[in-house]
Amino acid sequence: ASQDVASQDLAGRKVVVSAGGTREYLDPVRFLGNRSSGLQGYALARAAASRGAHVTLVSANVSLPDPAGASVVRVETTAQLREAVVAATATADAVVMAAAPADFRPTTVSDDKIKKAEDGSAPPIELAQNPDILAEISRERAREGAVIVGFAAETGDATGSVLELGRAKLARKGCNLLVVNDVSGGAVFGSLDNEAVILGADGAVVEVPRGSKTALAHVIWDEVARRFAE
Ligand code: CTP
Ligand code: CA
């Protein structure tokens with residue numbers, strides 16, 4: 001029933017979805033970026049609109065058609081993403097951070113194109129850490145009862161398994177739900193399929209079997225809608 005387009009369980013709800021990957025400029029023509037395709041965020045926006053929500057989609061560097069019924073705000077950098085998400089969150093019932101904000105930005109952006117040195121040397125790039133948007137909106141939750149959802153792509157490492165790292169990240173961010181992808185196999189970026197575990201701050205563990213990003217999107221909205229009802 002979760003994919004029944006006739007279900008209007010998000011009718012009247014205002015939701016914000018971020019999608020894509022941010023770019024951090026070095027100069028007018030070069031940037032640091034990442035491989036996020038925006039497919040999962042766009043699937044979330046389409047799914048929410050089909051269930052009756054008012055959707056604001058904050059889209060960073062995505063080349064996909066606008067989802068029907070969503071208002072799309074285009075951004076490039078993490079600072080712009082933050083500004084757009086924080087503004088839209090003020091009146092939102094739910095926020096899903098599916099975007100991949102760049103963690104770092106060059107400390108300075110050159111006004112002019114950086115030229116190669118005659119001596120063959122390469123310029124160092126000094127980086128500063130970007131603000132954590134998910135942690136900020138979770139901390140300063142604008143509306144009582146708003147449901148905040150984060151994503152995490154993890155491989156697991158010496159410090160913990162994918163799920164242990166997911167639990168720790170959920171606690172660190174302070175959001176209600178964290179959608180954890182195991183990317184140790186490699187193929188999530190740009191793929192049409194996704195497989196995930198949704199962890200709740202309330203202790204919930206929802207395993208979502210491999211399937212389309214649209215199917216995962218509907219399970220995420222099911223979990224959000226359940227928390228609206230409570
Ligand atoms: N996120 C965010 N702002 C950032 C970085 C990440 O809002 N500056 C959000 C992402 O949109 C995602 C969640 O936080 O929903 C987790 O992203 P992730 O990159 O896994 O978290 P980080 O805190 O950046 O941790 P890591 O060092 O593992 O990259
Ligand atoms: Ca990160």
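What FRET efficiency, computed as 1/(1 + (r/R0)^6) with R0 = 41 Å and r the Cβ-Cβ distance, is obtained for SER212 and ALA90, rounded to the nearest 0.05?
About 0.80, to the nearest 0.05.
Please list, in chain and number order, the residues 5+ apart from VAL58 or on another chain whose amide H is under 5 Å from its amide H, with Hs placed from the backbone.
The answer is VAL17, SER18, ALA19, VAL73.
Pull out the extension gain between THR155 and SER110, defined as 0.36 nm times the separation in residues minus the alpha carbon to alpha carbon distance; nm, one decimal.
Working it through step by step, the gained length comes to 12.7 nm.
Between GLU76 and ASP27, with labels modelled 7 Å along Cα→Cβ, what's the label distance in nm to one decimal, could you check?
Output for this residue pair reads 1.5 nm.
Given the options ALA204, ALA146, ALA48, state which has the largest fluctuation in a GNM of the chain using a 10 Å cut-off (strictly under) for Cα springs.
With Cα springs under 10 Å in the chain, the top fluctuation among ALA204, ALA146, ALA48 is at ALA204.
Computed from the coordinates by the stated procedures, all read-outs in this text should not be read as laboratory data. Because the structure is predicted, anything quoted here is derived from the model rather than measured. Quick reminder, even Gly has a Cβ in these numbers, built from the backbone with ideal geometry, and neighbours come from all protein chains shown.
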